[in-house]
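What follows is one structure encoded as structure tokens, with my remarks underneath.
Nothing in this text is a laboratory measurement; each read-out follows from the coordinates by a stated rule. No experiment lies behind these values; they were computed from the predicted model shown. Glycine gets a Cβ as well: all are built from the backbone with ideal geometry, and neighbour counts include every protein chain shown.
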Amino acid sequence: MEAQITDYSMSVDQGNLLDLARQFVSILPLDRLSNAGIERSRESYFLNISYPSLQAMKSVRPEEIFTNCCRINQEPSPVALYVHIPFCSSLCSYCHYYKLLKPTALRVTEYLTALSQEVALTFQHHGKVKYRSLYVGGGTPSLLTFDQIRQLFETLNTVAEPSNDATEVSFEVHPENASPELFSLLRNLGVNRLNIGVESFDDRILASENRRHSRDDALRAFKIATEAGFTNINIDCIYGLRHQTLESWSDTLDTIAILAPASFCAYYLRLKQGTPEYKRFLHQPEEFASEADLLTMHAMTFLKLYSMGYSQETVDWFIRDRKYFHEYQDHNWQKTDTVPLVGLGVSAYSYQNGWQYYNHNDLAKYIQAVANGVLPIWRGERLDGDERIRRAVMLGIKSKINRKEFSAVYGVDPACVFAEDFARMSELDLVSVSQSTIGLTELGKLFADEVGQAFYSETMKRRMGQLDPSLISTTLPRFNPHD
Ligand SMILES: C[S@@+](CC[C@H](N)C(=O)[O-])C[C@H]1O[C@@H](n2cnc3c(N)ncnc32)[C@H](O)[C@@H]1O
Ligand code: SF4
């Protein structure tokens, strides 16, 4: 039976949040789901952001994409732009993103030059393209000097412009870089959404993760961003970090309640091989919350956020008001075949016209490629009709699929194409199919990525299964034996 959380949402207060969350978790049919192959654990948790995953993707000749992809051949429709700035002032223990520690000024200059070469190559056959959203992420874009940030926007402005006055322009900020001057500069450059990486409001955890900022620094960053006039501020936190207890997570949620940011992301910790966090987990698992406590943290999150009037837009992302809906996220997951994603920079990924591809995740290779006048594409492939539909369902189900809109783009109703899968998932109370939409139930939201992985084709499962685990730095999904 689906757990009825809506009954609880109005009655959360400080005292009973933990009790309610535990009550929710206690009625979850975990054994039944596990027997059906749906379970989440740190060893197997895999975040669906692309299909096939990077690990399973083939090497590709950039010319193949250059000649076949829509951004080259035709006038593109307004795009979603992503720019990766791969530099950090310290390496956080849990982080697996591509980044370089404490770059020299020369290294940053070289990178920004290479980025401008990639931008020129990418858009060489177009006049100015319009973007529907722009996301500058990393790494730590806020680590750039003011001149470098200006230079970055100048580079982008030569080839692209916002599609309208309200176009979303996001910029990731690390609390240690926050200053009134930085926020004023960003506003002048057109940034209207900040993503502040806080991760935890617990000083002990921040120190243990090598975050180089304190709880007070994070509070200050939020305050001065607000004073600078930003209203659309997202805060990122992670649950499952080393030393994180239910009490500590509860305190982080209380702090979120006081700040009431426009939106809040609560990520389940991804433990990737090669990170210090992963090694600690192997050697000192007792320093980490149990799987049961992780479920409880997740339940605490949505119970608390619902009680504050936030809505859950995807599994880990909550907004205070519709006006803070994150367009870039939506372009990536729901409008994936109608808004081309153009990823720029080392390790960035793109999806256009059925082509999914990744740039080199090695700075030297990236710089060399663009210096030679070649797009810095490392891996990629084109998805055919069936695989493209699977990808759209897998990503779309993270929020909600509109059946009519889906049919208009793909020519099929996913509820019909995957009738058996959805019947099985409805039976497990993971998915709810109505006349107009397909979405996750409250239970399903705990397992969004696992539900999505049920849509891998047999071919793709085989490819994932053939990967050598010792050569890849990530966990991989365990496929449902009943599929
Ligand atoms: C690529 S990071 C960039 C953030 C920025 N550099 C900072 O630290 O403030 C974007 C977000 O991904 C999330 N993240 C990074 N590593 C993660 C992991 N191993 N598991 C879950 N979330 C993670 C964090 O919440 C982080 O804020
Ligand atoms: S979380 Fe942010 S600051 Fe920390 S290593 Fe990752 S990208 Fe760098």
**Message:** How far apart, in nanometres, would the label points at residue 462 and residue 409 be if each is projected 7 angstrom from Cα along the Cα-to-Cβ direction?
**Reply:** 2.9 nm
**In range of the label at residue 100: residues from the stretch 338-381 whose backbone nitrogen is under 11 Å from the point 7 Å along Cα→Cβ** = 346, 362-368
**Message:** From the helices alone, meaning DSSP H stretches of at least four residues, give me the mean residue ellipticity at 222 nm for the chain, per-run term -39500 (n - 2.57), in deg cm²/dmol to the nearest 500.
**Reply:** -11500 deg cm²/dmol
**Message:** Using 20 Å as the Cα-Cα cut-off, could you pick out the over-long pairs in 279/304; 58/461; 99/461; 272/398; 128/335; 272/445?
**Reply:** 279/304; 99/461; 272/398; 128/335; 272/445
**Prompt:** From the residues 446, 465, 435, which one has its Cα farthest along the dipole of the stretch 400-469 in the positive direction, the dipole being from +1 and -1 charges on Cβ of Lys/Arg and Asp/Glu about the Cα centre?
**Reply:** 435
**Request:** Give me the percent of DSSP beta bridges within the chain that run antiparallel, rounded to the nearest 5.
**Result:** 40 percent
**Prompt:** Just the C-alpha atoms of the chain: what Rg/Rh do they give, with Rh taken as the Kirkwood radius?
**Reply:** 0.94
**Asked** How many times 2.2 N^0.38 Å is the alpha carbon radius of gyration of the stretch 54-333?
**Response** 1.05
**Item:** Sequence-distant residues sharing a close amide H with residue 313 (under 5 Å, placed H)
**Value:** 318, 319
**Asked** Across the stretch 172-178, in residue order, what do the Karplus-derived ³J(HN,Hα) couplings come to in whole Hz, using 6.51 cos²θ - 1.76 cosθ + 1.60 with θ = phi - 60° and x for Gly and Pro?
**Response** 7, 10, 8, x, 5, 9, 5
**Separation of alpha-carbon centers, the stretch 27-55 and the stretch 134-162, rounded to whole Å** = 36 Å
**Message:** Taking the Cα centre as origin and putting +1 on Lys and Arg beta-carbons and -1 on Asp and Glu beta-carbons, what dipole magnitude results for the chain, to the nearest 20 debye?
**Reply:** 1040 debye
**Residues of type aspartates and glutamates that residue 323 reaches as a straight line, Cα spacing below 18 Å, ignoring anything fewer than 8 places off in the same chain** = 165, 168, 313
**Asked** Which one of 189, 274, 28 is farthest out on the positive end of the charge dipole of the chain, using unit charges on Cβ (Lys, Arg +1; Asp, Glu -1) and the Cα centre as origin?
**Response** 189
**Item:** Sequence-distant aspartates and glutamates (8 or more away, or on other chains) whose Cα lies within less than 20 Å of residue 223
**Value:** 172, 176, 181, 199, 202, 203, 236, 251, 254, 321
